[in-house]
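The block underneath contains the structure these notes are about, expressed in structure tokens.
The values are calculated or read from the model by the stated rules, or taken from the named source; none is laboratory data. Note that the structure is predicted; figures quoted are calculated from it, not measured. Glycine also receives a Cβ, built like all others from the backbone with ideal geometry; neighbour counts cover every protein chain displayed.
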Amino acid sequence: MRKFLCILGYLLLQTSCEDVIEVDLNTAAPKLVIEASINWFKGTSGNEQAIKLSLTAPYFDENIPPANGATVTITDQNNTIYNFVEEGTNGFYKNYSFVPKLNNTYTLHIIYKEEVYSAKETLISVVPIDYVEQNLEGGFTGEETELKAYYTDPANETNFYLFQFKSNIPVNPSLSVYEDRYNDGNQIFGFYTEEDLKVGDQVTIRNYGISERFYNYMFILLQQSSDASGGPFETQPAIVRGNCINQTNPQNFPLGYFRLSEVAQLVYTVQ
């Protein structure tokens with residue numbers, strides 16, 4: 001099917017006109033984009049953490065401008081302050097002495113261009129990945145590789161999960177969110193399918209413990225970014241607000257999210 005679409009696209013290019021169509025798009029002042037994902041991988045200290053700050057840009061711009069010169073800190077519930085220092089000019093702010101503690105609450109504090117941004121979130125635990133089950137004859141065509149990463153949900157708890165599957169072929173990582181409303185205490189799985197996966201390919205599987213608020217945030221984002229959301233000339237979806245706020249000027253709200261997760265990781269080789 002993918003090959004057919006490539007051939008169809010090539011034929012359309014060969015027969016299309018050469019008139020240049022310029023689209024007059026609305027522009028807006030750049031907004032701060034906060035990518036503050038604190039991930040504590042099981043079996044590690046979790047001391048090294050990074051936060052990325054960038055700015056929104058016009059739709060057709062290829063480069064994403066970094067947000068340089070910010071002051072970034074995270075404070076835990078015991079008032080321990082972790083300073084994130086900018087390294088280079090790509091908008092990455094890093095800390096090498098962070099101390100993650102499950103179920104503790106942390107507060108993000110950012111000062112950028114004389115405006116103060118903040119967010120508060122809890123570090124959520126996650127269960128390990130039990131095992132992976134594969135099927136080389138899956139999908140609609142019967143030619144796709146399907147993977148199911150099983151995990152056992154804790155009983156009598158409300159839990160939310162973010163699954164990431166990343167292979168060594170040049171495609172974007174697959175993201176999915178799950179809740180245990182109908183599977184509390186049972187063994188369930190995160191699902192992944194890819195037609196280009198072959199025997200010997202490796203897939204990095206990550207299961208993140210997430211809060212209910214982040215689950216709702218990602219659920220909407222993933223719906224909007226699906227194939228059914230249309231192209232750039234369709235009606236665009238509404239902006240999804242994260243948990244970060246601008247305390248100085250609430251109307252100039254940032255994009256992005258402050259999340260803290262324990263992460264279970266497994267590298268699987270397709271058999």
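Conditions tested, residue by residue: (1) outside any strand (DSSP E or B); (2) not polar (S, T, N, Q).
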| site | (1), (2) |
| --- | --- |
| VAL85 | no, yes |
| SER97 | yes, no |
| SER118 | no, no |
| VAL127 | yes, yes |
| THR145 | no, no |
| PRO154 | yes, yes |
| GLN164 | no, no |
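Across segment 244-261, the number of residues qualifying as within 20 Å of the chain's Cα centre (by Cα) and more than 14 Å from PHE163 (Cβ to Cβ) comes to 10. Of all residues assigned to segment 133-145, none qualifies as being more than 18 Å from GLY190 (Cβ to Cβ), surrounded by 20 or more Cβ atoms within 10 Å (Cβ to Cβ) and touching a Leu at 6+ places or on another chain (Cβ under 9 Å). Of the residues making up segment 171-206, those that are surrounded by 15 or more Cβ atoms within 10 Å (Cβ to Cβ), of a type outside the set (Gly, Ala, Ser) and within 12 Å of the chain's Cα centre (by Cα) are LEU175, VAL177, ARG206. Looking only at segment 133-143, filter to residues that are closer than 12 Å to LYS198 by Cα and assigned to a strand (DSSP E or B); which one of those is nearest to the chain's Cα centre (by Cα)? Out of the qualifying residues, it is GLN134.
Applying a threshold of 7 Å to beta carbon distances and a minimum spacing of six or more residues, or different chains, the list of pairs starting in segment 210-230 at a residue that is at pLDDT below 75 and ending at one that is assigned to a helix (DSSP H, G or I) and surrounded by 13 or more Cβ atoms within 10 Å (Cβ to Cβ) is empty.
Restricted to segment 152-170, and to residues there that are at pLDDT 95 or above and surrounded by 20 or more Cβ atoms within 10 Å (Cβ to Cβ), the residue that is farthest from GLY209 (Cα to Cα) is PHE165. Is segment 47-66 home to any residue that is exposed (fewer than 13 other Cβ atoms within 10 Å of the Cβ), in a strand (DSSP E or B) and of a type in the set (D, E, K, R)? Checking segment 47-66: not a single residue is exposed (fewer than 13 other Cβ atoms within 10 Å of the Cβ), in a strand (DSSP E or B) and of a type in the set (D, E, K, R).
Would you check which residues across segment 28-67 are modelled with pLDDT under 90 and more than 16 Å from LEU255 (Cβ to Cβ) and list them? If the condition is that a residue be modelled with pLDDT under 90 and more than 16 Å from LEU255 (Cβ to Cβ), then PHE60, GLU62, ASN63 are the ones that fit. THR89 meets the conditions (1) closer than 25 Å to ALA264 by Cα; (2) of a type in the set (Ser, Thr, Tyr); (3) without any contact (Cβ under 8 Å) to a residue 40 or more places away in the chain in every case but one. The failed one is (1). For segment 85-132, a residue qualifies if it is over 21 Å from the mean Cα position of the chain (by Cα), surrounded by 14 or more Cβ atoms within 10 Å (Cβ to Cβ) and more than 26 Å from PHE160 (Cβ to Cβ), and the qualifying residues are GLU86, ILE111, TYR112, GLU115, VAL116.
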